[in-house]
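For reference, the structure is listed below as structure tokens.
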Amino acid sequence: MAEPRVERPLSPHLGIYHFSITMAMSILHRITGGALYFGTLLLVWWLLAAASSSRQFDIASAFFASWFGQFILFGYTWALLHHTLGGIRHFIWDTGHGLQPGEREFLGYATITGSVVLTLVVWTLGYMFKG
Amino acid sequence: MRTPFARIHGLGSGHSGTGHFWMQRLTGIANLPLVIAFLVVVVSLAGSSQASVIATLSNPFVAMIMTAALISVLIHMRIGMQVIIEDYVHSELRKIALLMANTFFTLAVGIAAGYAILKINFGL
């Protein structure tokens, strides 16, 4: 990068803001999106294993059933639900609603609370109906 | 005559703009029911045998929903990752290389998952 010829004021950067729920949800939306991106490899592995041989399927199943596999899948479920709820929040904002002070903080807390509760509901149902 | 719009058109960091914004919304809307359906399918198959996984994924309705979810999610995540790359990677060469890698990754995931679904439905 070329040296700037004149000292220009910088736009406000990360360090100057104090923590806010909307900021945290914005960061989490991007992080969960990135995690889901690479998490598609898990889906590919599972589908290819099911399509290839019983040996391959058993290897994949053993991983997903292990504590580490369950931990990854639990995180994947939360990331998926959090990003989904975050997306709904963005759709609400796209209509021009939910942007007022108080409203946007409410949507932020609703997103994080909703994603945690829904993740626990999905896993409870999963264990109840486990084949 | 060159209008002001023509002079700036395509000069953003991704060289295109509102089309991606709109596609992100379109696939985002499509993802809502498709991801719920995907979760129902996958959670119902938790701990299942290979035979029952294949039986479920061979159901025409399930296979079509999974394929639709795959296509919508892949388009959505490719645009999303492109925005992340454009935000954080400022070297032009690295940016172009990563944008290409983003497309290749998306295609690789789509082809591998699509192949598996086709094989489960038609090839076993």
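The values are calculated or read from the model by the stated rules, or taken from the named source; none is laboratory data. For clarity, every value in this text was computed on a predicted model and none was experimentally measured. No Cβ is skipped: glycine too gets one built from the backbone with ideal geometry, and neighbour counts run over all protein chains shown.
Quick grid of which residues meet (1) modelled with pLDDT under 95; (2) touching a Leu at 6+ places or on another chain (Cβ under 7 Å); (3) closer than 24 Å to A:HIS29 by Cα:
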| position | (1), (2), (3) |
| --- | --- |
| B:VAL73 | no, no, yes |
| B:HIS76 | no, no, yes |
| B:GLU92 | yes, no, no |
| B:ALA101 | no, no, yes |
| B:THR106 | no, yes, yes |
| B:GLY114 | no, yes, no |
| B:LEU124 | yes, no, no |
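Restricting A:LEU43, A:LEU125, A:LEU73 to residues that are touching a residue at least 12 places away in the same chain (Cβ under 8 Å) and of a type in the set (A, V, I, L, M, F, W, C) narrows the list to A:LEU73. Considering region B:64-80, the residues that are without any contact (Cβ under 8 Å) to a residue 40 or more places away in the chain and among the hydrophobic types (A, V, I, L, M, F, W, C) include one that is nearest to the other protein chains (Cβ to nearest Cβ), namely B:MET77. Within the set B:ALA51, B:ALA101, the sole residue that is more than 8 Å from chain A (Cβ to nearest Cβ), over 29 Å from A:LEU85 (Cα atoms) and out of contact with any Asp or Glu (no Cβ under 9 Å at 6 or more places or on another chain) turns out to be B:ALA51. Has region A:16-27 got at least one residue that is within 11 Å of another protein chain (Cβ to nearest Cβ) and either assigned to a helix (DSSP H, G or I) or more than 11 Å from the chain's Cα centre (by Cα) (or both)? No, that holds for no residue. Going through region A:76-95 one residue at a time, which ones are within 9 Å of another protein chain (Cβ to nearest Cβ) and surrounded by fewer than 20 Cβ atoms within 10 Å (Cβ to Cβ)? Once the filter is applied, which keeps residues that are within 9 Å of another protein chain (Cβ to nearest Cβ) and surrounded by fewer than 20 Cβ atoms within 10 Å (Cβ to Cβ), region A:76-95 yields A:ILE88, A:HIS90, A:PHE91, A:ASP94. Of the residues making up region A:94-122, those that are assigned to a helix (DSSP H, G or I), under 17 Å from A:ILE21 (Cα atoms) and without any contact (Cβ under 8 Å) to a residue 12 or more places away in the chain are A:GLU103, A:PHE106, A:THR113. Checking A:LEU42, A:LEU48, A:LEU36, A:LEU73 one by one, the residue that is more than 9 Å from chain B (Cβ to nearest Cβ) and closer than 22 Å to B:ALA113 by Cβ is A:LEU42 and no other.
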